[in-house]
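The values are calculated or read from the model by the stated rules, or taken from the named source; none is laboratory data. Bear in mind that the values here come from a model prediction, so they are computed numbers and not experimental data. In this analysis, Cβ positions are derived from the backbone assuming ideal geometry, glycine residues included, and neighbour counts consider all displayed protein chains. Each accessible area value is taken on the protein alone, full model and side chains, heavy atoms only, with ligands, DNA and RNA left out. Shrake-Rupley method; radii C 1.70, N 1.55, O 1.52, S 1.80 Å.
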Amino acid sequence: MNVNLDHTADVQLHAWGDSLEEAFEQCTQAMFGYMTEIDKVEILEKHEIEAQGEDIQSLLFHLLDEFLFLFSAEPFFIARKVKITEFDRVNFKIVATGYGETFDLKKHPQGTEVKAITYSNMQVHDEPNLHQVYVIIDI
C-alpha cells in the first residue's frame, strides 16, 4: 500500500505603512519576496489589476490573489513594486499596478511557492498612527 500525504505549511505576512494603502502595497510586495529575491527583479513592465471585495479583509485577499494569479499563469509576472492607484473603501474596490518583469529561472532564484492566500487569522488594522495587516499564505 502506498500512501501519499500532502504537506502544507503557512507563513504569516505582516506589513504596515503610513496609510492602509501602503500597508496593502507592502503586504503584496512581501508575498513576492517569498517567491524570489526581489532585489533581482527589474522594473521592465507593468500590469494593472482590479480587485473587489465584500469587506476590507476580502479586498486584501482578492488583491493578493489577483497578483498571485498574474505570477502563476501567463505572463508569470513578478512585481518588485506595487502601487495602489484607486482605493474605494465604500465599495471595496482596488485598482493597483505592479511594476516588475516576467519571472525567469535563469535570472531569479526560485523561492518558496505560494499556493494560496488564506483568511485564517487575517487582521486589518486601520487606526490613526496604526495601519498594518497580517495575512497567512499557504506555501
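Per residue, how much accessible area does segment 11-138 have with a 1.4 Å probe, in Å²?
In whole numbers, segment 11-138 has 51 Å² accessible per residue.
Debye calculation, C-alpha points only, no solvent: report log10 I(q)/I(0) for segment 44-134 at q = 0.10, 0.14 Å⁻¹, in the same order as the q values.
Ignoring solvent entirely, the Cα scatterers give -0.29, -0.56.
About the Cα centre of the chain, what is the dipole size in debye to 20, counting +1 per Lys and Arg Cβ and -1 per Asp and Glu Cβ, all else neutral?
340 debye
Using a Förster radius of 22 Å, what is the FRET efficiency between Trp16 and Ile56 based on their Cβ-Cβ separation? Nearest 0.05, please.
0.90
Counting only pairs 8 or more residues apart or on different chains, how many lysine pairs in segment 11-138 have their Cα atoms under 12 Å apart?
Within segment 11-138, the lysine pair count is 4.
Pulled fully out, how much extra length does the chain show between Glu48 and Tyr134, if you take 0.36 nm times their separation in residues and subtract their Cα-Cα distance?
Answer, rounded to one decimal: 28.6 nm.
Please identify the GluC sites (Glu not before Pro) of segment 21-94 that satisfy two criteria: DSSP loop assignment and at most 15 other Cβ atoms within 10 Å. Which are they?
Loop-located and lightly packed - Glu37, Glu42, Glu54.
If each DSSP helix of 4+ residues adds -39,500 (n - 2.57) and the sum is divided by the residues in the chain, what number results at 222 nm, nearest 500 deg cm²/dmol?
After summing the helix terms and dividing by the residues of the chain, the value is -8000 deg cm²/dmol.
Got a number for carbon plus sulfur as a percent of segment 70-139's accessible area, 1.4 Å probe?
Taking all protein chains in place, segment 70-139 shows 50 percent carbon and sulfur surface.
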